[in-house]
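Participant: Pasting a structure here, questions to come.
Read-outs throughout are calculated quantities, based only on the coordinates presented, and are distinct from any laboratory measurement. The model shown is predicted, which means the values in this text are computed figures rather than measured ones. Neighbour counts run over all protein chains shown; Cβ positions are idealised from the backbone, glycine included.
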Amino acid sequence: MKRRDALKTIGAGAAGALFGACAAEQKTKPKTRPNIIYIMSDDHASHAMSCYGSKINVTPNLDRIANEGIRFDNCFCTNSICAPSRAVILTGKYSHLNGVTDNIREFDPTQQTYTKILSENGYQTAMIGKWHLKSDPVGFDYWNILPGQGHYYNPDMIEMGEKKRFEGYVTDIVTDKAIEFLDNCDKEKPFCLVYQHKAPHRSWMPGPKYLHMYENEDIPAPDDLLDDYKGMGPAAHEQEMTIMNDTFQAYDLKITPPVGEQDERMYNAAMNRMTPEQRADWDAAYEPRNKAFHEAKLSGDDLARYKYQRYIKDYLRCIASVDENVGRLLDYLDETGLAENTIVVYTSDQGFYLGDHGWFDKRFMYEESLRMPFIVRFPGTIKPGSVSGEIAVNIDFAPTFLDYAGLPVPADMQGRSLRPILEGETPDDWRDATYYHYYEYPAWHMVKRHYGIRTKRYKLMHFYYNVDAWEFYDLEKDPGEHLNCYDDPAYADVVADLKVQLAALREKYGDSDELQQKFLDEDLKRNRNYE
Ligand code: SGN
Ligand code: CA
């Protein structure tokens, strides 16, 4: 007999006794619902994590999560940019439905989010670190956020509406606050902690401990660092995100003096936050490098290779702090015994270019920025060392957390719980393709508006607005996406089939030409202020 039927037959009095027994059991074993710690960094590409086979750095603490849990090799975002990805994750819905298509639109805080649902159902919820959704966080019992993009040194934080400045390095401070929350939370109730780093976002300012890391080393560069985009479409040619031409010399690469008014202003704004001691340590690291640079008088490809080194070393130094601090949090969970009943996730809001195609930044549906790192640990439930190649999407995160909290997934969330995959059983009807749509153009880096489909093997994209260009890549033969085969007759059938699948996905998720035109019209009317 099912439990529900048993309750019917034994009558109200007996049922009351049964529930009483449950309550008594609850007292001795109060917490069966798991805690959730959602760790997200900003712009951390999976090819800069050793558990994903990085050729350029090691991340021993992040690797602990993957080794003791599961690593997803095909986790993708739906719109590779910061605020949009965060809005998708909170709502479980695509940008065209949650309203945050770009970094300019504000998140409507009245809409449903998974943390609101958890909070309404007995979870203590907290949001600490980078938020970036303009409106104040809602659905969190406690929040303490970095305003906007946040600062690396001596950051301001807004704690439940009150702004304060903290001395130190942002990654350390955000972790201190996360651990403080864990220390102070009610041990009788489950919690969901959303702990989000600013690093390694531009302008890649390393913390004091890592200023000299990689000093006398050369970091391997990707083969296509000097890409000429010959086999690619117009959008790849017309972007503004090459390390060579689109980084600011002082602000990004720390090569002084600044070049131009904007570089000077942004560099000074970042540097002027430092204390004299922090500044002295910084100068001791960068001044000798800059002296050598000016003496070397590099140009052409040599200059591009040099700029890559300056860029990637600072990016990786920022990641070293993230890795160290996540390790500190994992140690805390071990020491307090919390590790056992806590789901720990590590991801990034999107991927990033690490000199691939000569680029930094993200936005494109090409692999490096489409892919998100996604690793999850839940002792006793997820088999250590698991790896999944299934297509996971950031719309799935909210349903997954609700599922583990024992709550129904609202029908209007568009993702699906990853729980069966986490536990080693992929449902037969799991998706075999994902849909993508990027909107922020014209804007920083000038990546044209586009949407597309990615299956396990192929990718088809359509760039629109001031261009009408299709690109198709066979990822098995061309994983680096250098040869657009859209017009290759050998792929005509595959392309035709992908177009049908793409139309079906647009329909399924409620996207359309009319809707994208509506967003475009609104965007063009707005006085754009890039953020
Ligand atoms: C800033 C950066 C851009 C970056 C956007 C969005 N410029 O505007 O390079 O693309 O953030 O990044 S900066 O010179 O001000 O650093 S996102 O991760 O927030 O989407
Ligand atoms: Ca980001």
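Participant: How much mean residue ellipticity at 222 nm does the chain get from its helices, if each DSSP H run of length 4 or more adds -39500 (n - 2.57) and you divide by all residues, to the nearest 500 deg cm²/dmol?
Facilitator: Only helices count here, giving -11500 deg cm²/dmol.
Participant: Kindly provide the pair-distance distribution of region 261-347 built from C-alpha pairs, with 5 Å bins from 0 and whole-percent values in order of increasing distance.
Facilitator: 3, 10, 11, 16, 17, 11, 10, 9, 7, 4, 2, 0
Participant: Can you list residues from other chains, or at least 5 along the same chain, whose modelled amide H is less than 5 Å from the amide H of residue 359?
Facilitator: Under 5 Å from the amide H of residue 359: 243.
Participant: Check residue 127: other-chain or 5+ apart residues with amide H under 5 Å from its amide H, H built from backbone geometry?
Facilitator: 142, 143, 144, 194
Participant: When DSSP beta bridges are limited to those with both residues in the chain, what percentage is antiparallel, rounded to the nearest 5?
Facilitator: Given both bridge residues lie in the chain, the antiparallel proportion sits at roughly 55 percent.
Participant: Let me ask another. Neighbouring Cβ atoms within 10 Å as the yardstick, rank 242, 381 fewest first.
Facilitator: Ranked by crowding around the Cβ, least crowded first: 381, 242.
Participant: Are there GluC sites (Glu not before Pro) in region 214-272 that DSSP marks as loop and that have at most 14 other Cβ atoms within 10 Å, and which are they?
Facilitator: Here the GluC sites (Glu not before Pro) that fit, given the DSSP loop and packing criteria, are 215, 217, 240.
Participant: Of 228, 493, how do they rank once you tally other Cβ atoms within 10 Å and put the fewest first?
Facilitator: Going from least to most buried by this count: 493, 228.
Participant: Related question: Over the alpha carbons of region 152-249, what is the largest minus smallest coordinate on each principal axis, giving the biggest first in Å?
Facilitator: 60, 35, 26
Participant: Further question: With r as the distance between the Cβ atoms of residue 340 and residue 456 and R0 = 41 Å, compute the FRET efficiency 1/(1 + (r/R0)^6) and round to 0.05.
Facilitator: The computed FRET efficiency comes out at 0.75.
Participant: To continue, here is another question. Tell me whether region 348-451 comes out rounded, prolate or oblate; compute the Cα gyration tensor, take square roots of the eigenvalues as a ≥ b ≥ c, and use a/c under 1.5 as the rounded threshold.
Facilitator: Note, shape of region 348-451 comes out prolate.
Participant: To continue, here is another question. Near the amide H of residue 343, under 5 Å away, which other amide H atoms are found, from residues 5 or more places off or on another chain, if H is placed in the peptide plane?
Facilitator: Amide H to amide H, under 5 Å and 5 or more residues apart or across chains, residue 343 pairs with 35, 36, 37.
Participant: Another question, then. Counting other C-beta atoms within 10 Å, and keeping those with at most 16, which DSSP coil GluC sites (Glu not before Pro) do you find in region 63-159?
Facilitator: 106
Participant: Which ordering of 342, 256, 175, 32 is given by a fewest-first count of other beta-carbon atoms within 10 Å?
Facilitator: 32, 256, 342, 175
Participant: Please give the charge dipole size of the chain, origin at the Cα centre, charges +1 on K and R Cβ atoms and -1 on D and E Cβ atoms. Round to the nearest 20 debye.
Facilitator: 1520 debye
Participant: Oh, and also: How many lysine pairs in region 51-163, separated by 8 or more positions in sequence or lying on different chains, have Cα atoms less than 19 Å apart?
Facilitator: 6
Participant: Note down the net charge around residue 472, summing +1 for each Lys or Arg and -1 for each Asp or Glu among other residues with Cβ under 9 Å from its Cβ.
Facilitator: Summing Lys and Arg as +1 and Asp and Glu as -1 gives -3.
Participant: Taking θ as phi - 60°, what are the ³J(HN,Hα) couplings along region 107-122 by the Karplus curve (6.51, -1.76, 1.60), each to the nearest whole Hz, with x for Gly and Pro?
Facilitator: Along region 107-122, the couplings run 6, 7, x, 7, 7, 5, 9, 5, 6, 4, 5, 5, 4, 5, 10, x Hz.
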